[in-house]
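Heads up: the structure comes next, in structure tokens.
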Amino acid sequence: MAIGKWIGGIVGFMSGGPLGALAGIVLGGVLDSMLDGVNTYETQGTFDGYSGYQQAAYQSRTAQGQRNSFLFSMLVLSSYVIKADGKVMHSEMEVVRNMLRQNFGEVASQQGDEILRRLFDEQKRVGEQQFKNTVADCCRQIAMNMDYSQRLQLLNFLVMISQADGRVDDVEVKTMKECAQWMQMSADDVDSMLGMGKDDLESAYQVLGVSPNATDAEVKRAYRNLALNHHPDKVAALGEDVRKAAEKKFQEINNAKERIWKARGL
């Protein structure tokens, strides 16, 4: 399988803009050939006159394009976060490999690893500041084309990567907050995710993004907003593995809520 083959069938927002340009650099001519493959007579225009099979095929390609764009976006942002502390950790790389392995198999995992290394090479070639500018532009494109729940899940994967080596450095937190803000999200979303998976009351408040001094009404409102934005159904179109990760995150939000409810006697 040629490098980038598993990203085949890209349609939608990644076909242009900074993400598309970066894909073209990293994957060479692969992106153009993939786009040529999907931009056929059958996939042009509207649904007028389409058979049911053609409509279903088009919708399937569109959904796959959204998913592939999500995965490539994850690789781009992962390359930025992984290099934030100046070194590439095996444990961080393995988190990315595992996600690809679960969905696409071992070959795709190896290809994703190669794409990440090409992104590292591109960062070295253009320099840290220029690559940072490119990532910022990619984040703005993501913000224009992904809904908030999908961006939250993208951010969640970055947090998982940063935690892979057992510690999260300040520079990694700063880098993830930069990405969040470039994607028109709150830096508090990063703090909330960093509090997940812990069993103390302080972390529970961190997950909900409220102070221990908040009123019961404020705490309940914060939980409702989190539950709405992080619901797994909102990322179901991105694939089963992404949905399962969202389910785990959703459960951790509920665990935090239960600790606070118990402490307050709610």
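The values are calculated or read from the model by the stated rules, or taken from the named source; none is laboratory data. Note that this is a predicted model, so its numbers are computed, not measured. Every residue, glycine as well, gets a Cβ built from its backbone with ideal geometry; the counts of neighbours run over all protein chains shown. The accessibility values were calculated without ligands, DNA or RNA, using every heavy atom of the protein model including side chains. Shrake-Rupley method; radii C 1.70, N 1.55, O 1.52, S 1.80 Å.
So that you can scan it fast, the table gives a plain yes or no per residue for (1) touching a residue at least 60 places away in the same chain (Cβ under 8 Å); (2) among the hydroxyl-bearing types (Ser, Thr, Tyr); (3) in contact with a strand residue (DSSP E or B) (Cβ under 9 Å, 6 or more places away or on another chain):
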site: Val135; (1), (2), (3): no, no, no
site: Cys138; (1), (2), (3): yes, no, no
site: Tyr148; (1), (2), (3): yes, yes, no
site: Arg151; (1), (2), (3): no, no, no
site: Trp182; (1), (2), (3): no, no, no
site: Ala187; (1), (2), (3): no, no, no
site: Leu194; (1), (2), (3): no, no, no
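Taking segment 106-119, which residues are open to solvent by 20 Å² or more (accessible area, probe 1.4 Å) and either free of Cβ contacts under 8 Å to residues at least 40 places away in the same chain or touching a Lys or Arg at 6+ places or on another chain (Cβ under 8 Å) (or both)?
Step one: of segment 106-119, the residues open to solvent by 20 Å² or more (accessible area, probe 1.4 Å) are 106-107, 110, 113-114, 117-118.
Selection gives Glu106, Gln110, Asp113, Arg117.
The residue list Lys234, Lys220 contains one member that is open to solvent by 30 Å² or more (accessible area, probe 1.4 Å), touching a Ser or Thr at 6+ places or on another chain (Cβ under 8 Å), part of a helix (DSSP H, G or I) and within 20 Å of Ser186 (Cα to Cα), which is Lys234. For segment 221-239, enumerate the residues that are in contact (Cβ under 8 Å) with a residue 24 or more places away in the chain and out of contact with any Phe, Trp or Tyr (no Cβ under 7 Å at 6 or more places or on another chain). If the condition is that a residue be in contact (Cβ under 8 Å) with a residue 24 or more places away in the chain and out of contact with any Phe, Trp or Tyr (no Cβ under 7 Å at 6 or more places or on another chain), then Tyr223, Leu226, Ala227, Lys234, Val235, Ala237, Gly239 are the ones that fit. Restricting the first member to segment 199-219 and to residues that are in contact (Cβ under 8 Å) with a residue 12 or more places away in the chain and hydroxyl-bearing (Ser, Thr, Tyr), and the second to residues that are open to solvent by less than 30 Å² (accessible area, probe 1.4 Å) and part of a loop (DSSP other than H, G, I, E, B), the beta-carbon pairs closer than 6 Å and six or more apart or on different chains are Ser203/Gly195. Each residue in segment 244-266 was checked for being polar (S, T, N, Q) and farther than 17 Å from Phe157 by Cβ, and 2 of them qualify.
Out of all the residues in segment 162-175, is one or more surrounded by 16 or more Cβ atoms within 10 Å (Cβ to Cβ), modelled with pLDDT under 90 and among the aliphatic types (A, V, I, L, M)? The answer is yes, given that some residue of segment 162-175 is surrounded by 16 or more Cβ atoms within 10 Å (Cβ to Cβ), modelled with pLDDT under 90 and among the aliphatic types (A, V, I, L, M).
Please find, among Ile142, Ile161, the residue that is more than 15 Å from Phe70 (Cα to Cα) and either of a type in the set (A, V, I, L, M) or in contact with a Lys or Arg (Cβ under 6 Å, 6 or more places away or on another chain) (or both).
Numbers: Ile142 fails: more than 15 Å from Phe70 (Cα to Cα).
None of the other options fit; the residue is Ile161.
Per the conditions (1) at pLDDT 80 or above; (2) open to solvent by less than 70 Å² (accessible area, probe 1.4 Å); (3) of a type in the set (A, V, I, L, M), the sole criterion not satisfied by Val95 is (1).
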